[in-house]
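The values are calculated or read from the model by the stated rules, or taken from the named source; none is laboratory data. Remember, predicted model here, so these are calculated numbers, not experimental data. No Cβ is skipped: glycine too gets one built from the backbone with ideal geometry, and neighbour counts run over all protein chains shown. Calculation scope for accessible area: heavy atoms of the full protein, side chains included, ligands and nucleic acids excluded. Shrake-Rupley method; radii C 1.70, N 1.55, O 1.52, S 1.80 Å.
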Amino acid sequence: MSELTHLDEAGAAHMVDVAGKAVTSREAVATGRITMIAEAAAAIHNGAAKKGDVLAVARVAGIMAAKRTSELIPLCHPLPLTRVSLDLAADESGVTVTATCATEGKTGVEMEAFIAATVALLTVYDMVKAVDKAMVIGDVRLLSKTGGKSGEWRAETLGPV
């Protein structure tokens, strides 16, 4: 019926059978940004947020979330992650988060990277919402993925490398 792997011939959703796939090193990098008023950004930069160290808590939240991706996205396989890292870059108008996830497995870690970045952004929002409730989370996207049958992909090329 479709080229989508999570749909069977009748169009019903199902978890993809990865039993026959090869174990390969896989990595995915996702990013996103939260923009805010200068006062909120300054509170993050100066360590003056009432809830504590915003970037440290957001980093831990992203790591924890990546490890629970299969509990949040219904058709994702639980994966033994070998690495989850988050880079949080604060500036005068917000925070950019870049999450990298890796595994040795039969399926990719794109969703884990997306979840890590998004939950880190949501955590930043939660920790400074007292200063700015109008913050905007956006520009969440996959930057790259490696491993598996489809190989390497980078956003700069807008497709397979």
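Values for this structure:
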quantity	calculated
Long-range HN-HN contacts of Leu79 with modeled amide H, under 5 Å	Ser70
Estimated FRET transfer efficiency when R0 is 45 angstrom, pair His77-Ile37 (beta carbons, to 0.05)	0.65
Under Karplus coefficients 6.51, -1.76 and 1.60, residue-wise ³J(HN,Hα) of region 37-54 in Hz, glycine/proline x	6, 4, 4, 5, 4, 5, 4, 5, 4, 8, x, 9, 5, 4, 7, x, 6, 4
Three principal axis lengths of region 37-119 [C-alpha, angstrom, descending]	45, 18, 18
Karplus-derived 3J(HN,Hα), 6.51/-1.76/1.60, for each residue of region 68-76, Hz, glycine and proline x	10, 3, 5, 7, 9, 9, x, 9, 7
Peptides ranked, highest mean first, by Cβ atoms within 10 Å: ranges 50-62, 28-40, 105-117	105-117, 28-40, 50-62
Residue-span extension gain [Thr24 to His45] - 0.36 nm each, minus C-alpha spacing	3.6 nm
Mean-position separation - Cα centroids, region 118-159 and region 59-116, in angstrom	9 Å
Other-chain or far-sequence residues with amide H under 5 Å of Gly94's (modelled H)	Met36
Net lengthening on full extension, Ala90/Ser150 (0.36 nm per residue, minus Cα-Cα)	18.2 nm
Carbon + sulfur, % of accessible area of region 1-157 - ligands and nucleic acids excluded, 1.4 Å	58 percent
Kirkwood-type radius of region 1-143, with distances r between different C-alpha atoms, in Å	16.2 Å
